[in-house]
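Taking it in order: structure first as structure tokens, then the write-up.
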Amino acid sequence: MKLYGSITSPFVRRVRYLCHELGQSFELVDSLTDAGQSAMREKNPIWKEPCAEIDGLVIWDSHTIIDYLTEKYADSPNGLRKPTGVEKWRERNLVSAADGCVESAINVFYLKKDGVAVGDVAYLVKQRARVESILTWLKSQLEGNFFTPEAKIGLSELTLYCILDWLRFREMYPVGDDPVLSAYMQFHSSQPGLVATRLPEK
Ligand SMILES: N[C@@H](CCC(=O)N[C@@H](CS)C(=O)NCC(=O)O)C(=O)O
């Protein structure tokens, strides 16, 4: 498999994590380089990472790639928790919320990087407030360090970890100052798939 993306992206990281868990090898085409970015753009009209080339297919969006891998390795005991019934829909809500949180933070991050004074733009103030609102809700949904009584990492736990680590790395939210969030990070940080996909030192 060829994976177009960067190691800092929280969306790419959840795909890297799942590959690690399932034993799916991949070659990372670094989209932060000019060559990697143009290679990705040739394949993916959305120009967003991750994008994967696997088994003769080109697939973009981490959700679609994760669904593909989950189906491909349906018999593996090593994938993500597979919620059913009502839990499946709750899991989807948790993941959409966490995605929404990091998308808003990424939006603020890039505009700040481009020199926009975030506090002067009402939409960006709302984006920052949305990050806070979502994190507050996600915390309210935790049962210890998981979202369910089953202590197995699902897409929701994985996504929360990846977004928190990105928020910390990019200094977009003081994750370390929040006792619940820092305990969550601490608890999961030694999980082999998260160690294998850890973000670079600054
Ligand atoms: N829903 C997509 C989101 C992907 C996404 O937003 N990727 C960001 C990087 S973290 C990106 O490539 N942004 C480039 C841009 O917006 O131009 C997924 O889950 O893969």
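The values are calculated or read from the model by the stated rules, or taken from the named source; none is laboratory data. Please read these numbers as outputs of a predicted model, since none were measured by experiment. Methodologically, a virtual Cβ is constructed for each residue, glycine included, from the backbone with ideal geometry; neighbour enumeration extends over all protein chains shown. For accessibility, only protein heavy atoms count, side chains too; no ligands or nucleic acids. Shrake-Rupley method; radii C 1.70, N 1.55, O 1.52, S 1.80 Å.
At a glance:
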{"read-out": "Solvent exposure ordering (accessible area, 1.4 Å, most first) of 136, 70, 8", "value": "136, 70, 8"}
{"read-out": "Accessible-area composition of the chain, carbon plus sulfur, in percent [1.4 Å probe]", "value": "53"}
{"read-out": "Residue-averaged [θ]222 nm for the chain, counting only DSSP H segments that reach four residues, each worth -39500 (n - 2.57)", "value": "-18000 deg cm²/dmol"}
{"read-out": "Relative contact order [Cα under 8 Å, 6+ residues apart], segment 2-72, whole percent", "value": "36"}
{"read-out": "Surface accessible to a 1.4 Å probe, per residue, for the residues of the chain, Å²", "value": "52"}
{"read-out": "Per residue convex hull volume, Cα atoms of the chain, in Å³", "value": "134"}
{"read-out": "Solvent exposure ordering (accessible area, 1.4 Å, most first) of 58, 118", "value": "58, 118"}
{"read-out": "18 Å Cα-Cα threshold exceeded, pairs from 2/152; 88/152; 48/139", "value": "2/152; 48/139"}
{"read-out": "Net +/- balance of residues flanking residue 79 in space, Cβ distance below 15 Å, scoring K and R +1, D and E -1", "value": "0"}
{"read-out": "Residue-level accessible surface for residue 110, protein heavy atoms, 1.4 Å, Å²", "value": "120"}
{"read-out": "Within-15-Å neighbourhood charge of residue 164 [Cβ basis; K, R +1; D, E -1]", "value": "-2"}
{"read-out": "Distance from segment 37-67 to segment 129-170 (C-alpha centre basis), Å", "value": "25"}
{"read-out": "Exposure rank, largest accessible area first [25, 104; 1.4 Å]", "value": "25, 104"}
{"read-out": "Residue (of 199, 74, 19) at the positive-pole extreme of the chain, dipole from beta-carbon charges", "value": "199"}
{"read-out": "Charge tally in the Cβ shell below 15 Å around residue 43, where Lys, Arg are +1 and Asp, Glu are -1, residue 43 excluded", "value": "-4"}
{"read-out": "Per-selection Kirkwood Rh - segment 86-191 (Cα, Å, 1 d.p.)", "value": "14.3"}
{"read-out": "Cα-centred dipole magnitude for segment 34-186, charges only on beta-carbon of K, R (+1) and D, E (-1), debye, nearest 20", "value": "300"}
